[in-house]
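Below is one structure, written out as structure tokens; the observations come after it.
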Amino acid sequence: MIYRCVSTYSLNFNGRILAIKEGDITMQDTDAIVNAANSSLMGGGGVDGAIHRAAGRALVEECRIIRKTQYPAGLPPGEAVITSGGRLKAKFVIHTVGPIWMGGKKDESEILKKAYRNSLIVAEKSGIGTISFPSISTGAYGFPIEKAAPVAVSTIAEFLLKEARSVEKVYILAFTPSDFAVYRRELKLYGESFNGSKTPK
Ligand code: AR6
């Protein structure tokens, strides 16, 4: 069953929450934050650069070890790995690589879905309860946010409904008011369509 908490722009899936929040992901005190990284895992611009700057050197050192031991050719798009949070408030950073937008003809939506889903699977394996996602791929990688938001919302919602055990609360962090409006609209639409087929609580 599901109901909307309009004031906080969140949906409740049998006690597990998906919420939209506007702000800087590096400031979040959820157990984990997700990094929209690139395959090198060595840092970059955008949210990746902000997370590495805030977390300090420990993050890149742990990423270097992951590269050496698990992904010598780089982390493929859609996959996810976990490190500590370094100096961040969050205990963990889950690094994933979204797809580069190529006009919609290169399975970009499917890869984006995998990036969200595999990040949640990695979180479950570490017993994480709360997690914050950025808007993966909608910056430098050029994925149109209006197309990315339904993928993000439906993938997280389905995971919370069907697979989540330790994960209890998921935030999507929108960096700008206009991004926040897109995700809020998408969350509202998802809630309405869901309530259309289920009995509201
Ligand atoms: N908190 C929350 N969201 C942020 C923050 C922040 N501090 N900073 C930026 N965003 P992008 P991508 C938003 O470009 O599209 C990097 O160089 C931003 O406004 O960071 O997946 C990597 O190394 C946008 O909405 O990630 C890769 O090379 C969203 O985060 C490449 O960019 C994602 O934008 C990945 O591109």
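On the given criteria, is LYS106 of a type in the set (Lys, Arg), touching a residue at least 40 places away in the same chain (Cβ under 8 Å) and closer than 26 Å to THR155 by Cα?
No, not satisfied.
Report whether or not ILE111 is of a type in the set (A, V, I, L, M) and either out of contact with any Phe, Trp or Tyr (no Cβ under 8 Å at 6 or more places or on another chain) or away from the ligand (no atom under 13 Å from the Cβ) (or both).
Considered against the rule, which asks whether it is of a type in the set (A, V, I, L, M) and either out of contact with any Phe, Trp or Tyr (no Cβ under 8 Å at 6 or more places or on another chain) or away from the ligand (no atom under 13 Å from the Cβ) (or both), ILE111 comes out as yes.
Could you list, in sequence order, the residues of segment 89-113 that are in a loop (DSSP other than H, G, I, E, B), acidic (Asp, Glu) and in contact with a helix residue (DSSP H, G or I) (Cβ under 9 Å, 6 or more places away or on another chain)?
The answer is none; no residue qualifies.
Are any residues in segment 170-184 touching a residue at least 12 places away in the same chain (Cβ under 8 Å) and either surrounded by fewer than 19 Cβ atoms within 10 Å (Cβ to Cβ) or touching a Phe, Trp or Tyr at 6+ places or on another chain (Cβ under 6 Å) (or both), and if so, which ones? I'd like the intermediate steps shown before the answer.
At the first step, the residues of segment 170-184 found to be touching a residue at least 12 places away in the same chain (Cβ under 8 Å) are 170-177, 179-180, 182-184.
ILE172, ALA174, PHE175, THR176, PRO177, ARG184, listed by residue number.
Give LYS105, LYS91 a once-over and let me know the one that is at pLDDT 95 or above and surrounded by fewer than 22 Cβ atoms within 10 Å (Cβ to Cβ). Steps first, please.
Working: LYS105 fails: at pLDDT 95 or above.
On inspection, the qualifying residue turns out to be LYS91.
I'd like to check which strands (runs of 3 or more DSSP E) are fully inside segment 1-88 and have at least 3 residues that are within 21 Å of PRO150 (Cα to Cα) and within 19 Å of the chain's Cα centre (by Cα).
Qualifying strands (runs of 3 or more DSSP E): 10-13, 16-22, 32-37.
Scan segment 166-177 and give yes if some residue there is over 18 Å from LYS21 (Cα atoms) and more than 15 Å from the chain's Cα centre (by Cα), otherwise no. Steps first, answer last, please.
Filtering segment 166-177 for residues over 18 Å from LYS21 (Cα atoms) gives 166.
Then drop every residue that is not more than 15 Å from the chain's Cα centre (by Cα), which leaves 166.
Yes, that holds for at least one residue.
Which residue out of ALA148, ALA140 is assigned to a helix (DSSP H, G or I), within 16 Å of GLY46 (Cβ to Cβ) and either free of Cβ contacts under 8 Å to residues at least 60 places away in the same chain or over 15 Å from the mean Cα position of the chain (by Cα) (or both)?
Result of the check over ALA148, ALA140: ALA148.
Quick one: in segment 21-69, which of the residues that are acidic (Asp, Glu) and surrounded by fewer than 14 Cβ atoms within 10 Å (Cβ to Cβ) is farthest from ILE94 (Cα to Cα)?
For segment 21-69, the residue satisfying everything is ASP24.
Against the conditions (1) within 13 Å of the ligand (Cβ to nearest atom); (2) of a type in the set (A, V, I, L, M, F, W, C); (3) in a helix (DSSP H, G or I); (4) under 14 Å from the mean Cα position of the chain (by Cα), where does VAL122 fall short? Just the number, please.
Only one criterion in (1) within 13 Å of the ligand (Cβ to nearest atom); (2) of a type in the set (A, V, I, L, M, F, W, C); (3) in a helix (DSSP H, G or I); (4) under 14 Å from the mean Cα position of the chain (by Cα) is unmet by VAL122, namely (1).
The values are calculated or read from the model by the stated rules, or taken from the named source; none is laboratory data. If you're wondering where the values come from, they're calculated on a predicted model, not measured in any experiment. Counting neighbours? That spans all protein chains shown, and the Cβs are built from the backbone with ideal geometry, glycine included.
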